[in-house]
Every structure is written in C-alpha cells, then in structure tokens.
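Undergrad: Dropping a structure here in structure tokens format, bear with me for questions.
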Amino acid sequence: MITIDPIRRALVPVDSAAAAALGAPNYDEFQSDFEVWDLIQTRPSCVLRVTMPHCDAVSPDSLLEADSEAALERAAENMEQLVADPRTREIRDCLFICEITSPRHGVRQIGLGGMARTTEIRTPANPHGSIIRNESVRESKARGRARLTERTRADMGTVNNAVDDPTGALQTALDAYAAGRPATFETTDEDGNRHRIWIVQDATTIERLRSLLAAEPHAYVADGNHRSAAAAMLGQLHFLAVFFPAAMMRIAPYNRLVEDPGMTPADLAAGLAASFEVEQLNGASPFQPDATHEIGFYDGGAWSRLRPKPGTWDAADAARDIDADIVQRRIFADVFGITDARDERLTFVGANRDAAWLQSEVDAGRARYAVTLPAVTMNQFIRVCMQDRLMPPKSTWFVPKMRSGLVMALLGPE
C-alpha cells in the first residue's frame, strides 16, 4: 500500500509567468557548480538560489563552500524572500497532478503528487516497506540535504517514484482530471519539456485519488533517494513526492568520462579483449548504444563497440545484469584499477549531454576515454527493486524530470 497525504502548506507560483521565473532544474542535473552559477545569472529569481545557495554569488570566484554555514544562512535568507515574493502563494491541504511532455524524448507522463510517508520507505530496519529505494545513500550527501531542509524549513524537491498501475486506473483518473480543466500553471524548461501542474483541493477528489494510489503494493524511487533519506534523517513523517505510472516513464543513457589511468595501448587492448568482443568502428560517428549489453568506448582516435563475453555478468542477479555494473567491474576495476565508483577519475554524464559531447571532451584533452552505455530498461529497473538489490551507481537518468520550484512544501510553523 502506498499512502499519499495532502500537503499541509504548499508554496506554488501564482501563475505560469511566475513558474517560468522561479522554476529550475534539480540540483543534481548539473555537471558543475559553474553551470548552476551561470543559470542563476540569467534567471536570478529561480529556486537554485535556495537549493544550491553556495552558487548564489557575484562571480564564479566567490562561490561559497557547499553545505557550509554561510551557504545555509544564504539559503534561509533566500527562502524568506521566496515566501514573501508576490509571485508565490501558499495553498493549504492539497495534492497536485503533474504532467510532463518531452518532444525531444517522445515522452508524456502524468503523476500524482503530495506527501509520502517516511515510515513506508523500505530499509533493513523496515524490510516490508512499500517504497523501495534502489540506490546506495551517501550519508554525507543526505546530511547536506537534511541541513538545507532544516534551515529553510521547506521541502524543495520532489522524490519521483514509479508505480506499476497494472490496470491503468491511476493514469485514467489523472488524465480525466487534467482533460476536464485548465492547468493551474505551466512552464517550459531549458530542454523544451512542458510542465503542467493542477492543484487539487476538492476533498472528494483527493480521497478518490488517494484510494487509487493506495491500491499499489509498491513504489520504486526513480529520482530522489537522498531527498527521501534526508527526510527520514530529520525524523520527519513525510517527504514531498510524485508517483508516475511506470509504463509512462523513460530512462535515458548515463555515460562516463575517464581521466588518464596510465594505460599503454597494448595493455588497454589486452584488458578489454579479456572480457569483451571488441569491434572497431573506424570512421563512425559518436556511438551511443541502444541495445542491452552493447557498450561504446572512445580512446581519442576511434570508437569501438564492446559486447560482454559470456560469464562476465549474472543474468539471475538483476543488478549484475546492468551494463553499468559490467563496465565498473570489467573495465574500470579490472583494466584501469579503479575499484571505487566514487573515484575522482570518473565523471558521470547524464543524458543532457550526448555522445558527441563526450567525444569532444576527450578530443579537447579534458578526459582520456569516453564510455557510452545503453539506457537501463524499466523492466531491469523494477527487477532490481523487487530483488531488493541496489542499482549500480549513476546508472539511471530518468527523463524528463520534474522541475524544482513548481510545488514546494513549507514545513515550519504557520
């Protein structure tokens, strides 16, 4: 059973123009703090001033230390300004419906948002929890998000979840509601994705939608493992969440750049050949595989297609069947000696950068190798969840993502 409770105090834009000014990508969609700083310069009212307060500076040279006391103080000040901004308003006791349409990815998804319960998160201490996380949570990262939540007294970013919705009843109800009335507000993001929000306050409708979601035995955290962990860390009963039918969701590729590990060409060739069938793609354009167990590898001269040899993965183990895990074990660890996915020689690149961009980084000397991976399928993702396994680090990039700043939960005293 999945429980969704109304947001007691929701802070939302007053209209679509306000949503365009205040909304922003999630903090974890950026490759660097400079990218965040740069966006704040062009969108000075956006919620990144709260969610990434250390980047709210007059110049790139004056960024504050992330999670520092000075950054948290700035976040609190910026949050007070946001609450007082005439472009926001507070709404009591509501759910929301979120529709995201992505022309680029050919995706339309619609979901139900509100407050999920931390008591339903599956953990070793709560093995029967219905909200299944599938990513290893770094305590320091969750602690940073928790301190930000505590200081701003606001839950700023939604945890995006997938639900099975086997009969389609949830999607049908959400579609019908959205078709019957105009959105409360809408906005288009930097990638051309359209975000439409309907605020739901009618008590009868709220209970009907809650009952449809309660019929779901499980939810799978797609984005926001650390945000949900932060809420639990603070002892909060709830966290801001949205639940999308899994059939509507799409996972895009999550690629890698590698700094020079000091390999000779001969040692590299031998190391790759030990675990992969290697096909040279001489003269080919940047290679982004779209089939499971095909991997792209760029060495600065040419792309290769790598196919893992039998025995390099375990098909019965859902996590070991993911190509990101095969690459981590058979290339990064076995060939390069990089045993920890958090090693600074690895850079993880989401689907907002394509294979051509990765190639350009190698060609410019900012990385030594590029590795491109096929997107994880939803079936693979759900299998990992149902086996209570963890996804390999940085292996799922869900598109499109719900925008920050469209619905926020105020947690402080009234």
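The values are calculated or read from the model by the stated rules, or taken from the named source; none is laboratory data. A quick note: this is a predicted structure, and the numbers were derived from the prediction, not measured. No Cβ is skipped: glycine too gets one built from the backbone with ideal geometry, and neighbour counts run over all protein chains shown.
Undergrad: Inside region 50-90, can you point out the residues that are part of a helix (DSSP H, G or I) and charged (D, E, K, R)?
TA: Of everything in region 50-90, those that are part of a helix (DSSP H, G or I) and charged (D, E, K, R) turn out to be ASP61, GLU69, GLU73, ARG74, GLU77, GLU80.
Undergrad: Is it the case that region 395-404 has a residue that's over 30 Å from ILE199 (Cα atoms) and touching a residue at least 12 places away in the same chain (Cβ under 8 Å)?
TA: Looking through region 395-404, at least one residue is over 30 Å from ILE199 (Cα atoms) and touching a residue at least 12 places away in the same chain (Cβ under 8 Å).
Residues checked against (1) closer than 30 Å to VAL200 by Cβ; (2) in contact with a His (Cβ under 8 Å, 6 or more places away or on another chain):
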site	(1), (2)
ARG330	no, no
VAL335	no, no
ALA356	no, no
GLU361	no, no
CYS385	yes, yes
LEU390	no, no
PRO400	yes, yes
GLY412	yes, no
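Undergrad: Now for a separate question. If I go through region 276-306 residue by residue, how many of them are surrounded by fewer than 19 Cβ atoms within 10 Å (Cβ to Cβ), in a strand (DSSP E or B) and not polar (S, T, N, Q)?
TA: Qualifying residue count for the region: 4.
Undergrad: Does at least one position in region 132-144 carry a residue that is among the small types (Gly, Ala, Ser), within 12 Å of PHE239 (Cβ to Cβ) and surrounded by 14 or more Cβ atoms within 10 Å (Cβ to Cβ)?
TA: yes
Undergrad: If the Cβ limit is 8 Å and pairs must be 6+ apart or interchain, which residue in region 174-186 that is among the β-branched types (Val, Ile, Thr) pairs with which residue that is at pLDDT below 95 and assigned to a helix (DSSP H, G or I)?
TA: Cβ pairs passing all conditions: none.
Undergrad: Right, here's the next one. Could you list, in sequence order, all residues of region 370-414 that are in contact with an Asp or Glu (Cβ under 6 Å, 6 or more places away or on another chain) and among the aromatic types (Phe, Trp, Tyr)?
TA: Within region 370-414, just PHE398 meets the criteria.
Undergrad: Go through region 163-245 and tell me which helices (runs of 4 or more DSSP H), entirely inside it, have 2 or more residues that are assigned by TED's automatic domain parsing to the domain that holds ARG92 and more than 23 Å from the chain's Cα centre (by Cα).
TA: Of the helices (runs of 4 or more DSSP H) lying wholly inside region 163-245, those with at least 2 residues that are assigned by TED's automatic domain parsing to the domain that holds ARG92 and more than 23 Å from the chain's Cα centre (by Cα) span 169-179, 203-214.
Undergrad: Now for a different question. Would you check if ARG342 is out of contact with any strand residue (DSSP E or B) (no Cβ under 8 Å at 6 or more places or on another chain) and surrounded by fewer than 13 Cβ atoms within 10 Å (Cβ to Cβ)?
TA: Considered against the rule, which asks whether it is out of contact with any strand residue (DSSP E or B) (no Cβ under 8 Å at 6 or more places or on another chain) and surrounded by fewer than 13 Cβ atoms within 10 Å (Cβ to Cβ), ARG342 comes out as yes.
Undergrad: Applying the selection to region 135-173, what residues are closer than 16 Å to PHE244 by Cβ, in contact (Cβ under 8 Å) with a residue 60 or more places away in the chain and of a type outside the set (Asp, Glu)?
TA: GLY157, THR158, VAL159, ASN160, ASN161, ALA162, VAL163, GLY168, LEU170, GLN171
Undergrad: Could you count how many residues in region 187-198 are in contact with a Ser or Thr (Cβ under 7 Å, 6 or more places away or on another chain) and surrounded by fewer than 18 Cβ atoms within 10 Å (Cβ to Cβ)?
TA: 1
Undergrad: Here is a follow-up. For region 14-73, which positions are surrounded by 14 or more Cβ atoms within 10 Å (Cβ to Cβ) and among the β-branched types (Val, Ile, Thr)?
TA: VAL14, VAL36, ILE40, VAL47, VAL50, THR51
Undergrad: Looking at region 243-252, is at least one residue out of contact with any Gly (no Cβ under 6 Å at 6 or more places or on another chain), under 18 Å from VAL371 (Cα atoms) and not small (Gly, Ala, Ser)?
TA: yes
Undergrad: If only one of LEU306, LEU358 is among the aliphatic types (A, V, I, L, M), under 15 Å from GLU259 (Cα atoms) and out of contact with any Gly (no Cβ under 6 Å at 6 or more places or on another chain), which one is it?
TA: Residue meeting the stated conditions: LEU358.
Undergrad: Within region 20-40, does at least one residue satisfy the condition of being at pLDDT 95 or above, closer than 18 Å to ILE197 by Cβ, assigned to a helix (DSSP H, G or I) and small (Gly, Ala, Ser)?
TA: There is at least one residue in region 20-40 that is at pLDDT 95 or above, closer than 18 Å to ILE197 by Cβ, assigned to a helix (DSSP H, G or I) and small (Gly, Ala, Ser).
Undergrad: Among the residues of region 96-125, count how many are buried (at least 17 other Cβ atoms within 10 Å of the Cβ) and closer than 20 Å to MET248 by Cα.
TA: Counting residues in region 96-125 that are buried (at least 17 other Cβ atoms within 10 Å of the Cβ) and closer than 20 Å to MET248 by Cα gives 14.
Undergrad: Another one. Out of VAL107, VAL137, report the one residue that is among the hydrophobic types (A, V, I, L, M, F, W, C), more than 25 Å from ALA10 (Cα to Cα) and touching a Pro at 6+ places or on another chain (Cβ under 9 Å).
TA: The unique qualifying residue is VAL107.
Undergrad: Next up: Please go through region 345-367 and give me each residue that is surrounded by 20 or more Cβ atoms within 10 Å (Cβ to Cβ) and more than 22 Å from ASP28 (Cβ to Cβ), ordered by number.
TA: The one that is surrounded by 20 or more Cβ atoms within 10 Å (Cβ to Cβ) and more than 22 Å from ASP28 (Cβ to Cβ): GLN359.
Undergrad: Ok, one more. All but one of (1) within 19 Å of PHE30 (Cβ to Cβ); (2) touching a Phe, Trp or Tyr at 6+ places or on another chain (Cβ under 8 Å); (3) in contact (Cβ under 8 Å) with a residue 24 or more places away in the chain; (4) hydrophobic (A, V, I, L, M, F, W, C) hold for PHE96, so report the exception by its number.
TA: (1)
Undergrad: Also, quick follow-up: Here are some conditions: (1) of a type outside the set (Gly, Ala, Ser); (2) crowded, with 18+ Cβ neighbours inside 10 Å; (3) out of contact with any Gly (no Cβ under 7 Å at 6 or more places or on another chain). THR205 meets all but one. Which one does it not meet?
TA: THR205 satisfies every listed condition except (2).
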